[in-house]
1. If we scan segment 325-332, do we find a residue that is in a helix (DSSP H, G or I), in contact (Cβ under 8 Å) with a residue 24 or more places away in the chain, within 25 Å of the chain's Cα centre (by Cα) and closer than 20 Å to residue 210 by Cβ?
2. Taking interchain pairs and intrachain pairs at least six residues apart, which have beta carbon atoms under 8 angstrom, with the first residue in segment 76-87 and under 7 Å from residue 220 (Cα atoms) and the second in a loop (DSSP other than H, G, I, E, B) and near the ligand (Cβ under 8 Å from one of its atoms)?
3. So, in segment 263-278, exactly how many residues are free of Cβ contacts under 8 Å to residues at least 12 places away in the same chain and either surrounded by 17 or more Cβ atoms within 10 Å (Cβ to Cβ) or over 23 Å from the mean Cα position of the chain (by Cα) (or both)?
4. Any idea which of (1) at pLDDT 95 or above; (2) surrounded by fewer than 15 Cβ atoms within 10 Å (Cβ to Cβ); (3) assigned to a loop (DSSP other than H, G, I, E, B) is the one residue 320 doesn't satisfy?
5. For segment 151-202, what are the residues that are in a helix (DSSP H, G or I) and within 16 Å of the ligand (Cβ to nearest atom)?
6. Going residue by residue through segment 119-127, is there one that turns out to be within 15 Å of the ligand (Cβ to nearest atom), modelled with pLDDT of 95 or more and surrounded by fewer than 19 Cβ atoms within 10 Å (Cβ to Cβ)?
7. Answer with yes or no whether residue 252 is free of Cβ contacts under 8 Å to residues at least 40 places away in the same chain, touching a helix residue (DSSP H, G or I) at 6+ places or on another chain (Cβ under 8 Å) and within 16 Å of the ligand (Cβ to nearest atom).
8. Scan segment 110-150 for residues that are within 22 Å of residue 323 (Cα to Cα), outside any strand (DSSP E or B) and touching a residue at least 40 places away in the same chain (Cβ under 8 Å) and report the count.
Ligand code: PMP
């Protein structure tokens, strides 16, 4: 049975989180002499002399409207990379607990596990890049706290079978983290609506991809109130800076522009796939539900180096498990994709 109290690290369960005087004060005030800020102002126009809202209330209210979940079920982080790290630090005892990852997948799960001195048990995806449920069941023991699932998956681009994920959610006593960084490009539905069904579910999303705000570093986790409370306790007090909060809020009011870019990205992806398929050194292109494609080639390193010489950077994934010979290519603007294709056509 899933029970958050059995999962939490003891030191976190008993933790008194950092609290500023301003958090405790709920009335109206106009003189703030509590946080050792510069009371005179900042060299900039905006009131950056003040610390940002530690709970990012306005951003969460807007996210709540867009995503259809209450603000109390939302965590906002300095990128979703921060959410990954906070989940490890909340639930996994260093040197003792383990987590499960399903390579080929996003590299940060392994790195973050290493930083936190945690064993990341690898259960490879199947040849079809789907979850190996039997392998996962075998890898789980009483010290397994988290399972990371990336869907659509980076670097393969495909979405993972929904029934498989639900099977895990229903049977695993720990927490299932579904990383939906690329969900806006996907034909699949988000798992956010399943939060009421599964107490052990964390869904991560980000403003770094479809929303076009990788530079702001804003990522989200959606989960039960209990899990969000823990993450809020563990996070640094002012983890999302004032500029990022203001700009994220402004951007979140511009859904239409983002939807236009998503559509254009998908159109460009289809066109790129058709042309790439014609190239003699391309042996396979995997179906993508994301804003990138995984392309199998006869000479990944040679093609990668050739493109670098022409000022084009893609990602060589040929050394990654189950990705032999593969390159990962992000979908660019029509102009960028044209440059990529005309350069590739010169490759021999
Ligand atoms: N998850 C996946 C699957 C990603 O590919 C990335 C970025 N490459 C992230 C999370 C990190 O996102 P963020 O910029 O929000 O930290």
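The values are calculated or read from the model by the stated rules, or taken from the named source; none is laboratory data. This is a predicted model, so every value here is computed, not measured. As a convention, Cβ positions derive from the backbone with ideal geometry for all residues, glycine included, and neighbour counts pool all protein chains shown.
1. Initially, segment 325-332 is screened for residues in a helix (DSSP H, G or I), giving none.
No: segment 325-332 contains no residue that is in a helix (DSSP H, G or I), in contact (Cβ under 8 Å) with a residue 24 or more places away in the chain, within 25 Å of the chain's Cα centre (by Cα) and closer than 20 Å to residue 210 by Cβ.
2. Taking only residues 6 or more apart or on different chains, the pairs are 76/218; 77/218; 80/181; 80/208.
3. Residues flagged as free of Cβ contacts under 8 Å to residues at least 12 places away in the same chain and either surrounded by 17 or more Cβ atoms within 10 Å (Cβ to Cβ) or over 23 Å from the mean Cα position of the chain (by Cα) (or both) within segment 263-278 amount to 5.
4. Result: residue 320 fails condition (2) only.
5. First pass over segment 151-202, keeping only residues in a helix (DSSP H, G or I): 162-171, 183-185, 192-194.
Hits for segment 151-202 are 165, 183, 184, 185, 192.
6. No, the conditions are met nowhere in segment 119-127.
7. Judged against the criteria, residue 252 is not a match.
8. Here the count works out to 4.
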